[in-house]
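What follows is a set of notes on a single structure, which appears directly below.
The values are calculated or read from the model by the stated rules, or taken from the named source; none is laboratory data. Worth saying up front: this structure is predicted, and the values here are computed from it rather than measured. We place every Cβ from the backbone using ideal geometry, glycine too, and count neighbours over all the protein chains shown. Only protein heavy atoms, including side chains, enter the accessible area calculation; ligands, DNA and RNA are left aside. Shrake-Rupley method; radii C 1.70, N 1.55, O 1.52, S 1.80 Å.
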Amino acid sequence: MSGVLIVKPEAHGAPPVAAGSGAENLLTADPNEVWIAPSATPVAIQIDMGRMVEVDSFFLGSTNAAADATWTIATNTVVDEGAVDRHAGKMRATDSLGPRHHSFVRLAAPVVSRYFTITVDQGGAVPLFAGNLVLGRAFEKHRERGAGRTLIDTGSRSDLPSGGFGTDDGVVKASFAFSFVDLTDVEVYNLWAIKKDRGLRRPVVVVEDDALTLGQNEAIHYGVFDRFQPTNRVDPEATQWAGAVIEWA
């Protein structure tokens, strides 16, 4: 079991470069603005962060990845050269409920580089699309038992005199609430920096537990902080702080 992971996206120095159409959409906040890969795979996504960055977490979100689709992640000394492989595996959990799937990996140790290559292979399935690309360093902390995930239906429903219902379409998405009860001063500072940078409008990636073997896709949330609550000093050495994230569907 891992703690809750909170990943603030690192700023990119330039839009990613990849075959297909709309690679620049990988950096827009809206996951419905997508990059569409060509029919032939594998396809490499070339990333220039514009500076040396230390990262340990990689997220390629809101995809239509097939159950057997794979991805590899490498660091480079320059664009597309001097590759050092950092990760290889399936893009998504086999039991993902879909229709959108998330690819997330946290490396065993952070890496420092300016250039990265993510190679995706959809095999013989329909062309891959993806809505978001995030690289960052994860904040990790185990949460208090209690608060967790709930569902939000953005549509509406009203009772009709006939006994039926009037409905307007929407989507069903998740919200995830968490509470940290024993934050150190350093952890409070790091979490404060993330929340202050993101506010309630800028996206963040939150993973409930990176070690899940069942329902991992549903435990990965790309969205925005739902609300801010005050810190609570529970004793001289520990601070309590609750928060929540709401998915961007």
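Quick look at the values:
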{"item": "Sequence-distant lysines (8 or more away, or on other chains) whose Cα lies within less than 20 Å of K141", "result": "K8, K195, K196"}
{"item": "Quarter of the Cα convex hull surface for region 51-194, i.e. its orientation-mean projected area (nm²)", "result": "13.5"}
{"item": "T213-Y189 pseudo-label distance in nm [points 7 Å out on the Cα-to-Cβ vector]", "result": "3.9"}
{"item": "Sulfur and carbon atoms: percent of accessible area, region 117-219 [1.4 Å]", "result": "53"}
{"item": "Kirkwood Rh, angstrom, region 1-98 [1 / mean 1/r, Cα pairs]", "result": "15.2"}
{"item": "Debye equation applied to the C-alpha atoms of region 44-94, log10 I(q)/I(0) at 0.20 Å⁻¹", "result": "-0.82"}
{"item": "Under 15 Å from the T231 label point (7 Å along Cα→beta-carbon), backbone N, region 183-212", "result": "183-197"}
{"item": "For region 143-222: accessible area per residue (Å², 1.4 Å)", "result": "61"}
{"item": "Gained length - E54 relative to L160, 0.36 nm times residue gap less alpha-carbon distance", "result": "32.5 nm"}
{"item": "Orientation-averaged projected area, Cα convex hull of region 20-65 (nm²)", "result": "4.1"}
{"item": "Kirkwood Rh (inverse of mean 1/r, distinct Cα pairs), the chain, angstrom", "result": "19.2"}
{"item": "Ellipticity estimate at 222 nm from DSSP helix runs (n ≥ 4, -39,500 (n - 2.57)) divided over the chain, nearest 500", "result": "-2000 deg cm²/dmol"}
{"item": "Dimensionless Rg/Rh of region 161-204 - Kirkwood Rh, Rg from C-alpha atoms", "result": "1.32"}
{"item": "Projected label distance in nm at T167 and D30, using a 7 Å step from Cα toward the beta-carbon", "result": "2.6"}
